[in-house]
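Step one of this worksheet: look at the structure below.
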Amino acid sequence: MSLDSEQLKDGKSCLLIIDMQYDFINGSLKVNGGEEIVPVISDFLKKNGNQFDLIVFTKDDHPSNHISFASSHKDKKPFEEYAYVSEKDPNHTFKSCLWPDHCVVGTHGNEIHSDLTKLIDNGKINNTKTLVVGKGMDPKREYYSCFNDVLEEHNTDILDVLKKENISNVFVCGLAYDYCVLNSAKSSKKFGFNTYVIDNMTRKIDPNWEFNEPGIEKIQM
Ligand SMILES: [Zn+2]
């Protein structure tokens with residue numbers, strides 16, 4: 001599908017491609033349907049990459065003892081509930097669940113799918129500058145949003161990058177819809193960007209979850 005949406009006409013636009021890594025596509029934390037969006041995103045980049053001012057790939061970059069892994073806790077299993085607690089304020093918590101080990105730096109599962117990375121030529125796709133942003137390197141902090149950790153106490157440098165590039169519009173796709181795509185889109189909106197999720201270029205973990213975020217438009221591209 002060609003991109004002729006009104007959104008791209010006003011201001012600069014960034015495409016955020018979240019965590020298209022092998023562990024989420026067909027590895028230890030495989031998201032249903034993740035494999036089928038690889039060619040969709042790849043075709044989209046080939047046809048429309050040049051319509052964006054910046055393309056950012058994000059990555060989960062975990063050490064092998066990451067706090068989000070069930071294996072890092074005694075007697076815990078993947079998908080069991082877990083509450084992240086702030087070191088500064090024990091009343092500040094974020095409830096989520098633990099995961100199987102995934103996206104450990106240096107493993108194949110950590111790599112972004114080669115059908116996407118092979119499109120990058122000299123740091124560019126279709127003449128648009130690309131960037132790779134890692135998250136979750138600190139063993140003690142979990143990140144869903146690519147802007148900040150789940151307790152909103154630590155930031156990546158993506159906000160500075162988007163501001164420096166004068167980005168107004170942020171389009172989010174990738175994996176997984178109900179975790180890192182959702183939370184990255186929520187941060188993007190919170191930081192004042194016109195934010196869109198590209199519904200046909202993302203897949204969710206929880207089959208019963210539906211996207212419903214006021215102020216964030218769900219679009220097809
Ligand atoms: Zn992770």
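Once you treat every alpha carbon in the chain as an equal point and sum by Debye, what is log10 I(q)/I(0) at q = 0.09, 0.13 Å⁻¹?
Cα-only, vacuum Debye calculation for the chain: -0.34, -0.71.
Among the aspartates and glutamates, which fall within straight-line cross-link reach of Lys164, defined as a Cα-Cα distance under 13 Å, with same-chain neighbours fewer than 8 residues apart omitted?
Asp53
Trypsin sites (Lys or Arg not before Pro) within the stretch 123-221: which are DSSP loop residues with at most 14 other Cβ atoms inside 10 Å?
Lys140
Quick one: Karplus J couplings for the stretch 60-72, per residue in order, coefficients 6.51, -1.76, 1.60, θ = phi - 60°, nearest Hz, x for Gly and Pro?
Working through the residues one at a time gives 7, 10, 9, x, 6, 10, 5, 4, 7, 8, 4, 5, 8 Hz.
Compute the FRET efficiency between Ala83 and Met137 as 1/(1 + (r/R0)^6), taking r as their Cβ-Cβ distance and R0 = 30 Å, and round to the nearest 0.05.
FRET efficiency, Ala83 to Met137: 0.90.
Could you run the Karplus curve 6.51 cos²θ - 1.76 cosθ + 1.60 with θ = phi - 60° over the stretch 146-162 and give me ³J(HN,Hα) per residue in whole Hz, x for Gly and Pro?
7, 8, 7, 6, 5, 8, 6, 10, 10, 10, 7, 8, 5, 4, 4, 4, 5
Identify the residues of the stretch 125-141 with backbone N under 19 Å of a label point that sits 7 angstrom from the Cα of Ser96 along the Cα-to-Cβ direction, or state none.
Only 133-141 fall inside the zone, counting backbone N under 19 Å.
Give me the net charge for the shell around Cys103: Cβ to Cβ below 11 angstrom, other residues only, Lys and Arg +1, Asp and Glu -1.
Computed value for this residue: -4.
Under a 5 Å amide H to amide H cut-off, with H placed in plane at 1.01 Å, what residues pair with Asn200 once short-range neighbours are removed?
Answer set, sorted by chain and number: Met221.
Expressed in nm to one decimal, what extension gain is obtained for the pair Ile219 and Asp10 from 0.36 nm per residue of sequence separation less their Cα-Cα distance?
That pair, Ile219 and Asp10, stretches by 73.6 nm at full extension.
Expressed in whole Å with the largest first, what are the equivalent ellipsoid semi-axes of the stretch 1-115 derived from the C-alpha gyration tensor as the square root of 5 times each eigenvalue?
33, 19, 12
Per-residue HN-Hα couplings for the stretch 13-27, Karplus 6.51 cos²θ - 1.76 cosθ + 1.60 at θ = phi - 60°, whole Hz, x for Gly and Pro?
With coefficients 6.51, -1.76 and 1.60, one gets 10, 10, 9, 9, 9, 8, 6, 7, 9, 4, 4, 7, 8, 8, x Hz.
Where a number appears in this text, it was derived from the coordinates with a stated rule and is not lab data. Keep in mind that what you see is a predicted model, and the values were worked out from it rather than measured. Note that we place each Cβ from the backbone using ideal geometry, even for glycine, and neighbour counts take in every protein chain shown.
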